1. At R0 = 35 Å, how high is the FRET efficiency between Arg447 and Gln262 if r is their beta carbon distance? Nearest 0.05 is fine.
2. Would you mind classifying the range 595-730 by shape? Square roots of the alpha carbon gyration tensor eigenvalues, ordered a ≥ b ≥ c; an a/c under 1.5 is rounded, otherwise it is prolate if a/b is larger than b/c and oblate if not.
3. Between Ala623 and Asp560, what FRET efficiency follows from the Cβ-Cβ distance if R0 is 22 Å, with the result rounded to 0.05?
4. Using only the alpha-carbon atoms, what does the range 306-416 span along each of its principal axes? Please give whole angstrom values in decreasing order.
5. Need the list of aspartates and glutamates near Lys169 for cross-linking: C-alpha distance under 17 angstrom, and skip anything on the same chain fewer than eight residues off.
6. Relative to the longest principal axis of the C-alpha atoms of the chain, give the angle of the C-alpha long axis of helix 337-348, reported between 0 and 90° and rounded to the nearest 10°.
7. What is the spread of the Cα atoms of the range 496-577 along each of their three principal axes, largest first, in whole Å?
8. With +1 assigned to the C-beta of every Lys and Arg and -1 to the C-beta of every Asp and Glu, and no other charges, what is the dipole magnitude of the chain about the Cα centre in debye, to the nearest 20?
Amino acid sequence: MALILAVAVPGPFRSPLDYLPAPKLPTPAIGTRVKVPLGRRNVVGVVVSIQSDSRLDPARLRPAIAHLDASAILDTDILDLARWAADYYHHPIGEVIARCLPPRHRRPDAATLRRMLAWQITATGLACDLGQFVRAPAKVRALTHLRRAAGSVTAAELTGLGIRSEVLKQLEALDLVASKAALAPGGAPASPMGEALTAHAEQAQAVSAIIDGLDRFTAFLLDGVTGSGKTEVYLQAMAAALAAGRQVLMLVPEIGLTPQTQERLRQRFGEAVVTLHSGMTDVARLRAWESVRRGAARVLIGTRSAIFTPMPDLGLIVVDEEHDESYKQQDGLRYSARDLALIRARNRNVAVVLGSATPSLETLHNARSGRYRHLHLSARAGNALPPTLRLIDLRRHPVVDGLSEPLKQAMAETLAAGNQVLVFLNRRGFAPVLRCSDCGWIADCPRCDARMTVHSRPGGLRCHHCGTARPLPPRCPQCGAPEPMPVGQGTQRTEAVLKQHFQGVPVVRIDRDSTASQQALTAALEQIQVGAPALLVGTQMLAKGHHFPAVTLVAVLDADGGLFSADFRGSERLAQQVLQVAGRAGRAERPGRVLIQTLQPEHPLWSAILDQDYHAFAKSALAERSETGLPPYAHLALLRAEAPTRDAAWTFLETASGKLQPAAQGVAVLGPIPALRERLAGRYRAQLLLQSSERAPLHGLLRRCLPELDGLPEARRVRWSLDVDPIDLY
Ligand code: ADP
Ligand code: ZN
Ligand code: ZN
């Protein structure tokens, strides 16, 4: 009786598909990749279970075309995590499993695997008598070449010498040569290299608490003000895990923004550290992934998708800046890497540390209710003092070109004292609006409910939502008046204004436009590190995690948008952003100050921020969330639909609502309502909000009803998606 493979294949399938093994080949193991036919294409799937029967007629099952791996490349840890994620986010299992593979491993041309292999001589191979192969010159050539080579030789190089892989496999069977993945920094030492700092008392307490919790599932919140030395705590806990023979996974919000963290890890742990993020080439990702999976690399630092990397010896997970929204994927599989880190740590029975100076309200709630152990670092490390924060009332001090007089004075003083100024403005481009001063016409995006942003160098109008670009109109298209005016400030305009105002002082701008390449960003950060007087202008890219020793003044140009956000997370986001960017001021010996321009100095949110009392803010914000039934006191899921017509999106959601409502015990089904930006990239968007005080009924409802929605005729006319635990409701 043939065994049947349950294969997770990419596509909209809510469960794995059944296949037969490829003819004449041994049954592949669970966790290996197979090439299988799907419709008229061939795709790469992963065997997730092996069964003795199928719900389908076995005579009609198709066989796999090839088995791509000799042994599992996804272990049960990852398969369990993928199953959990598929279930929790109600997402097709094959799509989740595809995320667990580096892009190269998702391609059906199995050759990519061979090219990555390398071969080396074994001890037996070194000692053996070549005379036994007189009639196999290829084997002699292979052995001679590998004996001479210092380390391993890639399969590609051997192929180039006319040595085919069959020959090598035959030698491998005789234990004369061995294959391994061609690792970038191979066989690396895991022992600490750089010196640890002497931990201060609170750090020492935190480190020993984490070390005590290493061998079982324990979740920690490392709640430490900016500059308090959280990284040192991670490093010392990591060193303990490594010394115990375990691997460590560290997640960071955006790797391009944290070369310093990477550098610090490398200094401490040397070549055992590898990184994974989407900015790397596919080959580099494959190498890093393979070296972690095979246990050669001991520390993996990566962005959110690194959570899916197999780590045979995983012993500790660190999530730095756990409040950061980049941990949540915003399309496709809308997962939270932070939440998956907790699930994975629980499954693996290891410790997980969430660190932040401004923890998310969800995490604080979990810490308060005792689910996480709450560790505090209450003061800055070394001699650094906390910065002082002050508001500048823009009603008394009107701005010219976005800058008030007191702010300009403070900047001049700071530069004169030989220090650096960081100017924070979370709006890239030159100006957010182009307007005709005669008739009031405004440049709107033709495809979105949004204004187009004015950009300089290269000049033009750009929509930040859909990417539409237009040349700057020389005249108003409505009344013909010449030269419509840019209104408001973006980072480019602020850069220009500062250059003009502080002539001779270097201005470094850091935003997505100025740092399109990693090199550009690294160069900019290096210039800042030098520490000579300079003005730094940037978006939230500058606010995250950096250590800029010479910055003593931080200017927040325009934060008022966050005071009146339509989103229930608006105030949380504002408090986090301002306190994080404030945390860049005065991190070394020189004291720092923070000046915040606002038209609303009396707004209650400012008082907690000025006191740098994130916990006071969090307490009142949590009380508000509890009263209004919002997370973390309620569980949300958002059913989104978009279509070329408003009608199609609404019809689908109304039908969906009709299916969900009657089954919705304990779950409120609200909507449909239009999305905040109803039209985006030429499509109309609407949504249905599902809200429940308990998780179980919400997920039960989704599990029962989603398969039915898949089959609705209305579903074919829209693109729809489900977002579990959405971070914004629009
Ligand atoms: P955080 O991640 O909490 O913002 P960092 O880990 O970046 O803080 O530490 C801030 C600064 O304090 C760094 O320059 C770091 O080298 C220094 N530092 C951290 N711990 C100590 C310590 N125990 N003794 C001296 N300096 C320390
Ligand atoms: Zn006009
Ligand atoms: Zn647009």
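Only the coordinates and a few stated rules stand behind these numbers; no lab work does. Note that this is a predicted model, so its numbers are computed, not measured. Don't worry about glycine lacking a Cβ; one is built from the backbone with ideal geometry, like all the others, and counts go over all protein chains shown.
1. Details: r = 38 Å, r/R0 = 1.09.
Working from the Cβ atoms, E equals 0.35.
2. Judged from the Cα gyration tensor, the range 595-730 comes out oblate (a/c at least 1.5, b/c at or above a/b).
3. Details: r = 24 Å, r/R0 = 1.07.
Here the calculated transfer efficiency is 0.40.
4. 57, 40, 30
5. Straight-distance partners of Lys169: Asp69, Glu157.
6. That works out to roughly 40 degrees.
7. 41, 29, 24 Å, listed from the longest principal axis down.
8. Around 2100 debye, computed over the chain.
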